[in-house]
1. Considering only strands (runs of 3 or more DSSP E) fully contained in the range 1-104, which possess at least 2 residues that are out of contact with any Pro (no Cβ under 8 Å at 6 or more places or on another chain) and among the β-branched types (Val, Ile, Thr)?
2. Do we have any residue at all in the range 432-443 that's open to solvent by 70 Å² or more (accessible area, probe 1.4 Å) and touching a strand residue (DSSP E or B) at 6+ places or on another chain (Cβ under 6 Å)?
3. Please state which one of 490, 408, 378 is within 30 Å of residue 552 (Cα to Cα) and more than 16 Å from ligand 2 (Cβ to nearest atom).
4. Criterion first (surrounded by fewer than 21 Cβ atoms within 10 Å (Cβ to Cβ) and touching an Asp or Glu at 6+ places or on another chain (Cβ under 9 Å)) does residue 138 satisfy it?
5. Need pairs with beta-carbon distance below 7 Å; first residue within 12 Å of residue 314 (Cβ to Cβ) and within the range 327-348, second part of a loop (DSSP other than H, G, I, E, B) and among the acidic types (Asp, Glu); sequence gap 6+ or separate chains.
6. Being open to solvent by less than 40 Å² (accessible area, probe 1.4 Å), within 16 Å of ligand 2 (Cβ to nearest atom) and in contact (Cβ under 8 Å) with a residue 24 or more places away in the chain, is that true of even one residue in the range 580-588?
7. Look at the range 436-451 and say how many of its residues are within 16 Å of ligand 1 (Cβ to nearest atom) and either under 10 Å from residue 424 (Cα atoms) or of a type in the set (A, V, I, L, M) (or both).
8. Only one residue in 561, 516, 505 is among the small types (Gly, Ala, Ser) and either modelled with pLDDT under 95 or in contact with an Asp or Glu (Cβ under 6 Å, 6 or more places away or on another chain) (or both), so which one is that?
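The values are calculated or read from the model by the stated rules, or taken from the named source; none is laboratory data. Keep in mind the model is a prediction, meaning the values are calculated, not measured. A quick note on method: Cβ atoms are made from the backbone with ideal geometry, for glycine too, and the neighbour counts reach across all protein chains shown. Quick note on the areas: whole protein, heavy atoms, side chains included, nothing else; ligands and nucleic acids left out. Shrake-Rupley method; radii C 1.70, N 1.55, O 1.52, S 1.80 Å.
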Amino acid sequence: MSKTTTESKSTPIRERAEVGPTMKGSDILVAALEREGVDTIFAYPGGASMELHQALTRSKKIRTILPRHEQGGAFAAEGYARATGRAGVCMATSGPGATNLVTGLADAYLDSIPVVAITGQVPQHMIGKGAFQETDIFGLTLPIVKHSYLVTDVNDIARIVQQAFHIAQTGRPGPVVVDIPKNVQQQRTQPVFSKEINLRGYDPEKKADDVALNETIGLIEKSDRPVLYVGGGIIAGNASEELLRFAEATQIPVTTTLMGIGAFPESHPLSLRWLGMHGTAYANWAVSGEFKKQGDNVLKVAPGADLLLAFGVRFDDRVTGKVEKFCETGTIVHIDIDASELNKNKPANLPIVSDIKYALRRLNEMIQNRPIRKKFSDWHKQTAEWKARAPLRYRVTEEVLKSQHMRDHMGGNSAEVILPQMVIELLYELTRGEAIITTGVGQHQMWAGQYYQYKFPRQFLTSAGLGAMGYGFPAALGAKVARPDRQVVDVDGDGSFLMNVQELATAHIERIAAKALILNNQHLGMVVQWEDRFYEGNRGHTYLGDPENVKQIYPDFVAMAKSFNVPAERVMFRKDLRAALQRMLDSNEPYLLDVITPYTEHVLPFIPTGRTVAEMIYQE
Ligand SMILES: Cc1ncc(C[n+]2csc(CCOP(=O)(O)OP(=O)(O)O)c2C)c(N)n1
Ligand SMILES: [Mg+2]
């Protein structure tokens with residue numbers, strides 16, 4: 001990547017830039033993408049972008065993948081980015097093509113994923129005239145992008161592409177839109193490819209000062225119950241190794257956010273797994289304390305953290321619940337590269353703006369010179385007791401046979417029922433915890449987070465901040481393109497999978513061997529769970545089957561997959577599950593496995609929205 005410098009007029013232009021031969025704007029775009037190292041683009045053509053596609057056909061370096069819906073393309077670009085850390089690239093035509101990218105951009109924005117989205121635009125002289133397929137994608141996406149450009153001069157294309165990648169990938173990553181009117185794509189000029197980047201006012205290299213870091217160490221020395229609460233920032237900042245070293249040197253237990261899954265190995269004795277609404281009881285207790293309800297009174301049984309080291313996190317409401325009660329009695333050190341996150345959702349006692357890799361590396365150096373004397377043994381005893389008392393667990397109850405499709409197919413034999421949690425546990429076993437997992441949104445997503453144990457960063461790819469159903473399969477395609485060496489499995493829901501089912505075609509035609517594992521409960525399970533808890537089980541349009549024929553599993557995903565020439569299978573009985581999963585994993589093609597599960601299971605633990613850990617429901 002080019003380095004940021006202040007442009008020096010004294011350096012001759014030839015040293016600062018390379019001037020290419022005269023070519024069309026569309027070819028300049030492709031040449032600029034190649035210079036950024038782009039090897040894959042997920043692009044769906046149309047009138048305003050076919051010029052760009054023509055140029056892509058001339059590229060020897062870029063693989064153009066045709067998704068079957070622009071949303072699939074945007075999610076695939078995100079999957080690619082999440083799996084690698086490099087910007088994922090997607091492209092669409094103007095109007096409906098561009099608006100179909102919007103959900104993916106919002107998703108990348110909320111989860112800080114580097115994405116460059118290129119859109120064709122109507123010719124400049126038509127802008128503002130209500131031209132065919134004209135939408136103001138620049139205006140539409142303003143609140144959900146890190147930055148955006150409307151290119152108005154062919155001479156700007158090379159510079160803008162370079163800046164777009166720089167902005168998307170540095171500091172706190174995020175999506176960047178580059179909107180290019182058709183006439184600009186067609187104009188010809190000699191491109192100037194700069195070797196430097198000069199972006200006034202953009203300084204992504206934030207470094208904590210030693211005073212603040214020393215103060216952090218002082219707070220650790222003074223604390224008795226410290227907890228590391230770490231998030232996606234650790235993964236985006238490539239700081240997992242530094243985190244591991246820091247946690248081991250200080251012996252501070254680690255809980256991650258959903259975005260932080262994989263930032264710290266979950267099998268490590270210091271891991272408390274993930275926290276929040278569906279996080280482990282022990283992580284939530286470790287942060288906010290353990291409580292007992294007695295009538296209307298809430299008694300604190302054991303205190304939570306007295307020091308919270310919040311690194312690369314944003315105190316999301318799915319983590320904090322009622323934010324005032326979150327780690328109420330702890331001192332908070334909050335380190336983030338984005339200053340706007342500090343004191344936004346939760347005031348910090350010590351807010352520090354920094355690249356987290358730098359901060360952790362510096363903290364590790366300081367600790368190496370002057371080791372922490374505290375051992376926190378009482379605290380470890382307490383967290384071990386919590387872990388032993390409330391592990392993640394589930395039970396097979398008679399309740400599952402209340403699921404209509406279970407009654408219809410099991411003949412009362414609950415021993416053959418496949419619970420969704422079992423599927424994930426078995427997947428973990430059969431993949432030895434090495435697969436990259438993507439998910440849709442819903443109960444299956446939470447179980448995929450809970451019952452698979454993650455050990456490396458960029459292993460769990462999920463739509464966390466936006467919670468966008470339909471994310472799982474296209475994201476798996478993007479991840480598999482980026483990491484063909486890895487098993488990539490989309491653990492999906494029947495509702496979520498259906499939202500981007502057309503990507504089965506992309507998988508087959510492009511020979512992308514990602515797997516779709518559908519936990520098919522015939523319902524919008526997560527909404528059903530809330531109906532059961534808060535609306536006396538009244539079903540408000542959450543059944544996905546055919547009400548006229550409830551005995552049939554609907555739709556028939558296996559037949560659907562086969563129509564795309566994607567091999568597929570359905571399993572309904574526990575005795576068949578292991579072999580079926582193994583066949584899915586052994587396939588070197590894309591593959592769909594439809595696993596029929598009851599809809600009566602609830603995701604536990606559960607802290608209802610806006611409540612506190614005192615109101616956590618968990619499997620006792
Ligand atoms: C695009 C979109 N629409 C609606 C929702 C609201 N929503 C959240 S979870 C959920 C149910 C998902 O059902 P399914 O994919 O079958 O997963 P399950 O909970 O059954 O495992 C819904 C409708 C959403 N998150 N995203
Ligand atoms: Mg479902």
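1. Details: elements: 17-19, 40-43, 63-65, 88-92.
In the range 1-104, the matching strands (runs of 3 or more DSSP E) lie at 40-43, 63-65.
2. To start, the set of residues in the range 432-443 that are open to solvent by 70 Å² or more (accessible area, probe 1.4 Å) comprises 432, 434.
Pick out the ones that are also touching a strand residue (DSSP E or B) at 6+ places or on another chain (Cβ under 6 Å) and you get none.
Checked against the condition, which is being open to solvent by 70 Å² or more (accessible area, probe 1.4 Å) and touching a strand residue (DSSP E or B) at 6+ places or on another chain (Cβ under 6 Å), the range 432-443 yields no hits at all.
3. Values: 490 fails: more than 16 Å from ligand 2 (Cβ to nearest atom); 378 fails: within 30 Å of residue 552 (Cα to Cα).
Step by step, each of 490, 408, 378 is checked, and only 408 is within 30 Å of residue 552 (Cα to Cα) and more than 16 Å from ligand 2 (Cβ to nearest atom).
4. On the way: surrounded by fewer than 21 Cβ atoms within 10 Å (Cβ to Cβ): yes; touching an Asp or Glu at 6+ places or on another chain (Cβ under 9 Å): yes.
So residue 138 fits the description; yes.
5. 337/355
6. So the first thing to find is which residues in the range 580-588 are open to solvent by less than 40 Å² (accessible area, probe 1.4 Å), and the list is 580-581, 584-585, 587.
With within 16 Å of ligand 2 (Cβ to nearest atom) added as a condition, the list becomes none.
No, the range 580-588 contains no residue that is open to solvent by less than 40 Å² (accessible area, probe 1.4 Å), within 16 Å of ligand 2 (Cβ to nearest atom) and in contact (Cβ under 8 Å) with a residue 24 or more places away in the chain.
7. Step one: of the range 436-451, the residues within 16 Å of ligand 1 (Cβ to nearest atom) are 437-451.
Narrowing further to those that are either under 10 Å from residue 424 (Cα atoms) or of a type in the set (A, V, I, L, M) (or both): 437, 441, 444, 446-451.
The number of residues fulfilling the criteria is 9.
8. Working: 561 fails: either modelled with pLDDT under 95 or in contact with an Asp or Glu (Cβ under 6 Å, 6 or more places away or on another chain) (or both); 505 fails: either modelled with pLDDT under 95 or in contact with an Asp or Glu (Cβ under 6 Å, 6 or more places away or on another chain) (or both).
Only one candidate passes the filter, namely 516.
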